[in-house]
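The values are calculated or read from the model by the stated rules, or taken from the named source; none is laboratory data. In this text the structure is predicted, and so the values were computed from the model without any measurement. Reconstructed Cβ throughout: ideal geometry from the backbone, glycine too, with neighbour counts over all protein chains shown. The accessibility values were calculated without ligands, DNA or RNA, using every heavy atom of the protein model including side chains. Shrake-Rupley method; radii C 1.70, N 1.55, O 1.52, S 1.80 Å.
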Amino acid sequence: MRNRFKTCPRRLLSGIRCPNSSSQGFTLLEMLVVLVIIGLLAGLVGPRLFDKVDKSKVKTANVQVKMIRGALQALHLDIGRFPTIQEGMRLLYYPPANARLKQLWSGPYLDEHLPTDPWGTPYQYNVPGRGSQPFALYSLGADAKPGGKGFDKDIGYLAL
């Protein structure tokens, strides 16, 4: 292997590159330009991606509420009533304490334990629901607080 310094020592010392030498690596300016471009792309694309994630969480919450509602309706068909507030949605997975209702219970009504909403908060269950609905079943949304707007809005069959 030849030493590059022997072929062009004066030019190297004066800050001028030798014509035969190959440059390896990037300059600081090139790195900064690339970082600025990446930052601009992230600034443009990032918010759109996060918006899609939030929309998919809302859709997931709607689907889960409908699934749980179907399980509650199947339970109602079997035992003749919806769970009380004290029993809650636990009755979908565990039989009731009442011996007569226990004979009618054909659960579990869910394949797995009750899911939490996409934001990690338990679904809310209240009796009665709004208007003529026999129960309320809903997610508190992204902020985990009642009410809200946008992605913080409650999702499902709401309470009074």
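Residue count for region 80-113, restricted to those that are in a loop (DSSP other than H, G, I, E, B) and open to solvent by 60 Å² or more (accessible area, probe 1.4 Å): 12. Confirm whether Thr60 is assigned to a loop (DSSP other than H, G, I, E, B) and of a type in the set (S, T, N, Q). So Thr60 does not fit the description; no. Of the residues making up region 148-160, just one is assigned to a loop (DSSP other than H, G, I, E, B), surrounded by 14 or more Cβ atoms within 10 Å (Cβ to Cβ) and free of Cβ contacts under 8 Å to residues at least 12 places away in the same chain, namely Gly148.
For region 125-141, how many residues are surrounded by 18 or more Cβ atoms within 10 Å (Cβ to Cβ) and either touching a Lys or Arg at 6+ places or on another chain (Cβ under 7 Å) or of a type in the set (S, T, N, Q) (or both)? Break it down into steps so the answer makes sense when it comes.
Let us first name the residues in region 125-141 that are surrounded by 18 or more Cβ atoms within 10 Å (Cβ to Cβ), namely 125, 129, 135-141.
Of the ones still in play, those that are also either touching a Lys or Arg at 6+ places or on another chain (Cβ under 7 Å) or of a type in the set (S, T, N, Q) (or both) are 136-137, 139, 141.
Adding up the residues that qualify gives 4.
Residue-wise test of (1) within 24 Å of Val127 (Cα to Cα); (2) hydrophobic (A, V, I, L, M, F, W, C).
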| residue | (1), (2) |
| --- | --- |
| Leu28 | no, yes |
| Leu40 | no, yes |
| Lys66 | yes, no |
| Arg69 | yes, no |
| Ala74 | yes, yes |
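Scanning region 17-27 for residues that are at pLDDT 80 or above, closer than 30 Å to Gly150 by Cα and open to solvent by 100 Å² or more (accessible area, probe 1.4 Å) turns up nothing.
Here's the yes/no breakdown for (1) of a type outside the set (S, T, N, Q); (2) more than 23 Å from Ile155 (Cβ to Cβ):
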{"site": "Leu41", "(1), (2)": "yes, yes"}
{"site": "Pro47", "(1), (2)": "yes, no"}
{"site": "Thr60", "(1), (2)": "no, no"}
{"site": "Ala74", "(1), (2)": "yes, no"}
{"site": "Thr84", "(1), (2)": "no, yes"}
{"site": "Met89", "(1), (2)": "yes, no"}
{"site": "Leu92", "(1), (2)": "yes, no"}
{"site": "Pro95", "(1), (2)": "yes, yes"}
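With the structure loaded, tell me whether Lys145 is over 17 Å from Thr60 (Cβ atoms), of a type in the set (D, E, K, R), outside any helix (DSSP H, G or I) and out of contact with any strand residue (DSSP E or B) (no Cβ under 7 Å at 6 or more places or on another chain) or whether it fails that test. Spell out the reasoning first.
On the way: over 17 Å from Thr60 (Cβ atoms): yes; of a type in the set (D, E, K, R): yes; outside any helix (DSSP H, G or I): yes; out of contact with any strand residue (DSSP E or B) (no Cβ under 7 Å at 6 or more places or on another chain): yes.
In short, yes.
On the stretch given as region 35-52, residues that are surrounded by fewer than 11 Cβ atoms within 10 Å (Cβ to Cβ) and either among the hydrophobic types (A, V, I, L, M, F, W, C) or within 30 Å of Trp105 (Cα to Cα) (or both) total 10.
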